[in-house]
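Asker: Sharing a structure here in structure tokens format.
The values are calculated or read from the model by the stated rules, or taken from the named source; none is laboratory data. Remember, it's a predicted structure, so these values are computed and weren't measured experimentally. Here the Cβ positions follow ideal geometry from the backbone for every residue, glycine too, while neighbour counts run over all protein chains shown. Ligands, DNA and RNA are excluded from the accessible area calculation, which covers all protein heavy atoms including side chains. Shrake-Rupley method; radii C 1.70, N 1.55, O 1.52, S 1.80 Å.
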Amino acid sequence: MRAARLHEVGGKFQIDEIEKPVPGDQDVIVRVEAAAIVQNLRNVINTYPTVKPFLPLPQLPAVFGMDSAGVITEVGSRVRNLKPGDRVYINPGLDSGDSWAARNGEPMNDPAYTFMGYFGFGPDSAEIHKDYPYGGLAEYVKAPVKNVIVIPENVPLDHATRFGYLGTAYSGLRKGDVRAGSSVLIHGATGTLGVNAVLLARAMGATQIFAVARNKERLERVRQIDPARIKVLSFGEQEVGEWVRSHTDGRGVDVFLDATGDTATADVTMAGIWALRRGGRMVSIGAMPEDLPIPMYRLMTMHISIIGSLWFTTAEGEDMARMAAAGTLDLSHLDAYHFPLEQANEAVQAAANHRDGGFASVIVQPHK
């Protein structure tokens, strides 16, 4: 089969002919119809071995591509429910299966937790990369059945490739206990995580959604998703806490979701924390790199919680698939830009630079 492989750190992807994967007993083989390019992929393949060696890449040459959707073509001998022809998204979060964390139902806390087609979270990730070496920039991938999310027929596979970002936002909102009637503040609301968080907060019944970012044009597009429930603020135009309290009878918001990127600063995050009501919850899903000046005693007396949330479970992915099928999670606001496999390098560049921000999905189609 054809695959776009990276042969050296900082290099370009090149098209290689490699062996098609064979399923293990509890694996499926998926014909990749759409593979979304993560905006951070260029940065990962250029800098992580030096800047973040604790997040190891797969052994090169390697097939990257984290968010893959397609159609099952083969199943392993112990696969009894999934079948060829099923439309699926592959949750790339892999665990060892037999660590203390995995055996206790916490696979994301496995010391070897690994993103298939991307990077791992510990030294033992190398072995998992070897077990599942192919990401979405290939014609076919192998995946364990526990990582397969079935995509309903009325949900385009282009939209399914957003499930990585969507799932990260969804899991964070769930940890914040967002529900019908909640008020939610989202920082970084025009980025990919932020746009997805707005769509999901709306789908989950939040009645007040406060979207904060800097780009006014993109913020207006966010507001137009649901003008009755979404209010927007360009950061710096007004103090965030003051703005939020003017719309919440002076209370503040129930949940603050920080989806800011790696160029954000600590003052942006702190402004969100101080916009919380007494008993509110802050959930971090973004990449703000600075240390926070946290006055723990003050937060304790205000009963404010700070939570970190990484990725999402396959069960949460199934939730989103059902919401998308029902239309409560409205993904029609998203744009897709397509590239053939031979233009993988152009796709990586486009994802890093796209002017539409969080509304854009850059998708490689290996069979086009």
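Asker: Ordering V198, V9 by how much accessible area each has at a 1.4 Å probe, largest first, what is the list? Walk me through the numbers before you get to the answer.
Answerer: Working: V198 0, V9 70 Å².
These residues rank, largest area first, as V9, V198.
Asker: 5 Å is the cut-off here: which amide hydrogens, built 1.01 Å from N in the peptide plane, fall below it relative to Y134, excluding neighbours closer than 5 in sequence?
Answerer: K142
Asker: Here's something else I'd like to know. Collect residues whose amide H, placed 1.01 Å from N in the peptide plane, falls under 5 Å from the amide H of I306; neighbours closer than 5 in sequence don't count.
Answerer: Result for I306 returns M282.
Asker: While we're here: Using a probe of 1.4 angstrom, how much of the accessible area of segment 141-288 is carbon and sulfur, in percent? Walk me through the numbers on the way to the answer.
Answerer: Values: 2460 of 5190 Å².
Exposed carbon and sulfur together represent 47 percent of the surface.
Asker: How would H247, H354 rank on accessible area, largest to smallest, probe 1.4 Å?
Answerer: Working: H247 70, H354 35 Å².
The residues order as H247, H354, largest area first.
Asker: So what's the back-of-envelope 222 nm ellipticity for the chain, counting only DSSP H runs of four-plus at -39500 (n - 2.57) apiece and dividing by all residues, rounded to 500? Walk me through the numbers on the way to the answer.
Answerer: Values: 12 runs with 103 residues, N = 368.
Dividing the helical sum by the residues of the chain leaves -7500 deg cm²/dmol.
Asker: Compute, for D98, the solvent-accessible surface of its heavy atoms (probe 1.4 Å) with the complete set of protein chains present, and express it in square angstrom to the nearest 10.
Answerer: 110 Å²
Asker: Quick check: net charge around T161, other residues with Cβ under 13 Å of its Cβ, Lys/Arg +1 and Asp/Glu -1? Provide the component values of the computation, followed by the final result.
Answerer: On the way: positive: R87, R162; negative: E33, D67, D158, D335.
Cβ neighbours under 13 Å give a net charge of -2.
Asker: Then there is this: Residue-wise, which Karplus ³J(HN,Hα) couplings in Hz belong to segment 326-334, taking 6.51 cos²θ - 1.76 cosθ + 1.60, θ = phi - 60°, and x for glycine or proline?
Answerer: With coefficients 6.51, -1.76 and 1.60, one gets 7, x, 5, 9, 8, 9, 5, 6, 8 Hz.
Asker: Additional query: Running a GNM on the chain with Cα contacts under 10 Å, which residue among A287, A324, A189 ends up with the highest mean-square fluctuation?
Answerer: Result: A287 has the largest fluctuation of those listed.
Asker: Shifting gears a bit: Please give me, ordered by residue number, the trypsin sites (Lys or Arg not before Pro) of segment 47-124 that lie in loop per DSSP and have at most 14 other Cβ atoms within 10 Å.
Answerer: Listed in order of number, the matching sites are R78, R80.
Asker: Quick one: order L199, L60 from most to least accessible surface, probe 1.4 Å.
Answerer: Values: L199 5, L60 50 Å².
Ranked from most to least accessible, the order is L60, L199.
Asker: Within segment 20-57, what residues put their amide N at less than 17 Å from the label point 7 Å along the Cα-to-Cβ vector of S77?
Answerer: It comes to 22-29, nothing else.
Asker: Tally Lys and Arg at +1 and Asp and Glu at -1 over the other residues with C-beta under 13 Å from the C-beta of S96: what net charge comes out?
Answerer: Details: positive: R103, K130, K146; negative: D95, D98, E106, D110, D124, E127, D131.
With Lys, Arg at +1 and Asp, Glu at -1, the net is -4.
Asker: Rg/Rh for the chain to two decimals, with Rh computed the Kirkwood way over all alpha-carbon pairs.
Answerer: 0.97
Asker: Excluding ligands and nucleic acids, what accessible area in Å² is computed for I45 using a 1.4 Å probe, to the nearest 10?
Answerer: Counting only protein heavy atoms, the figure is 10 Å².
Asker: Right, something else. In square angstrom, what is the accessible area per residue of segment 81-240 with a 1.4 angstrom probe? Could the numbers behind the result be given before it?
Answerer: Values: 6030 Å² over 160 residues.
Per-residue accessible area for segment 81-240 comes out at 38 Å².
Asker: Give me a comma-separated list of calculated 3J(HN,Hα) values for segment 307-322, in order, Karplus coefficients 6.51, -1.76, 1.60 applied at θ = phi - 60°, integers in Hz, x for any Gly or Pro.
Answerer: 10, x, 9, 10, 6, 7, 8, 4, 4, 5, x, 5, 4, 5, 4, 5
Asker: Separate question: Given H placed on each backbone N at 1.01 Å, which residues far from G261 in sequence or on other chains put an amide H within less than 5 Å of it?
Answerer: A287
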